[in-house]
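Input: a single structure, listed below in structure tokens.
The values are calculated or read from the model by the stated rules, or taken from the named source; none is laboratory data. Note that the structure is predicted; figures quoted are calculated from it, not measured. Reconstructed Cβ throughout: ideal geometry from the backbone, glycine too, with neighbour counts over all protein chains shown.
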Amino acid sequence: MTNIFSVLGDIPTERVAERLGLEVVCGRINCLWHDDTRPSCIVRDGYHCFACGARGDNIDLVRRALRCDVKPAAAWLGKEFGVTIDYTLSSTDIAEYRAAQSDKRMYAQWRRELISGLADDYRANDILAAVWEREYEAGCECDIDYGKCKRIMAEIDYIWDQVMDDDEAKRLWADGRYGAASYQTAHNAPNSAFRGIGR
């Protein structure tokens with residue numbers, strides 16, 4: 001049996017937004033999840049608001065715009081875009097859809113927080129390294145471990161490249177890599193400004 005949620009998710013989100021009567025400006029709409037006066041919600045392969053962080057797929061967008069549940073949203077999408085839903089959506093289908101959506105949101109949050117933590121750590125170690133360089137040039141003693149700063153920065157560059165590749169990031173997420181303890185243990189403070197990411 002074809003996964004109807006996957007089929008409905010393949011409909012271009014920009015077209016879904018237009019069909020809902022939402023004004024699309026350069027691939028963006030006013031966010032439906034907060035009081036938005038300038039379009040901050042991108043509608044491509046689902047939606048993602050850069051202001052409030054709301055994100056989801058076509059069904060979520062329809063649910064929010066029409067204030068309805070999963071079944072009516074799926075039926076509306078099917079009718080509007082000529083997708084035949086040839087079976088009744090069971091409570092199991094809907095539960096599986098909701099679980100998948102929850103996993104997607106958790107992954108997106110993990111990735112955002114990891115990127116933010118990596119950026120914070122890189123900046124912190126870059127500053128420490130710059131302080132050490134200034135002190136060294138001035139002939140002063142400095143208790144900063146310059147080598148450790150540079151090693152951490154190199155490791156962050158490596159992790160950054162992995163996280164920026166969406167397929168690789170999903171593999172890391174599935175493996176439980178860079179969770180709450182692993183990154184912090186590797187860096188063992190005080191050089192790490194990383195807050196730790198939990199799942």
Next item on the list: Sort out which residues of region 50-59 are over 14 Å from T13 (Cα atoms) and either touching a residue at least 12 places away in the same chain (Cβ under 8 Å) or not assigned by TED's automatic domain parsing to the domain that holds L8 (or both), and write them in order of number.
Entry: A51, C52, G53, A54
Next item on the list: Within region 67-75, identify whether any single residue is part of a loop (DSSP other than H, G, I, E, B) and exposed (fewer than 13 other Cβ atoms within 10 Å of the Cβ), and answer yes or no.
Entry: yes
Check: When region 7-42 is examined, which residues are found to be surrounded by 11 or more Cβ atoms within 10 Å (Cβ to Cβ), more than 19 Å from the chain's Cα centre (by Cα), modelled with pLDDT under 90 and of a type outside the set (D, E, K, R)?
Finding: V7, L8
Next item on the list: Answer yes or no: is there a residue in region 99-108 that is in the same structural domain as V163 (by TED's automatic domain parsing) and over 14 Å from the mean Cα position of the chain (by Cα).
Entry: yes
Notebook entry, point to check: If Y47 satisfies every condition in (1) within 30 Å of I159 (Cβ to Cβ); (2) assigned by TED's automatic domain parsing to the domain that holds A174; (3) touching a residue at least 24 places away in the same chain (Cβ under 8 Å) but one, which is the exception?
Noted result: (2)
Next item on the list: Considering each of Y97, Y136 in turn, give the residue that is part of a helix (DSSP H, G or I), of a type in the set (F, W, Y) and surrounded by 15 or more Cβ atoms within 10 Å (Cβ to Cβ).
Entry: Y97
Notebook entry, point to check: E168 fails exactly one of the following numbered conditions: (1) within 14 Å of the chain's Cα centre (by Cα); (2) surrounded by 13 or more Cβ atoms within 10 Å (Cβ to Cβ). What is the number of that condition?
Noted result: (2)
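Residue by residue, here is whether (1) outside any loop (DSSP other than H, G, I, E, B); (2) farther than 29 Å from T88 by Cα; (3) touching a Leu at 6+ places or on another chain (Cβ under 8 Å); (4) of a type in the set (G, A, S) holds:
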| residue | (1), (2), (3), (4) |
| --- | --- |
| F5 | yes, no, no, no |
| E14 | yes, no, no, no |
| E18 | yes, no, no, no |
| D35 | no, yes, no, no |
| R38 | no, yes, no, no |
| I42 | yes, yes, no, no |
| H48 | yes, yes, no, no |
| C52 | no, yes, no, no |
| D60 | yes, no, no, no |
Next item on the list: Consider only pairs whose beta carbons are under 7 Å apart and that are at least six residues apart or on different chains; among these, list those whose first residue lies in region 2-28 and is under 17 Å from D69 (Cα atoms) and whose second residue is basic (K, R) and assigned to a loop (DSSP other than H, G, I, E, B).
Entry: none
Notebook entry, point to check: Of V70, V83, V62, which residue is in contact (Cβ under 8 Å) with a residue 60 or more places away in the chain, within 21 Å of P12 (Cα to Cα) and among the β-branched types (V, I, T)?
Noted result: V83
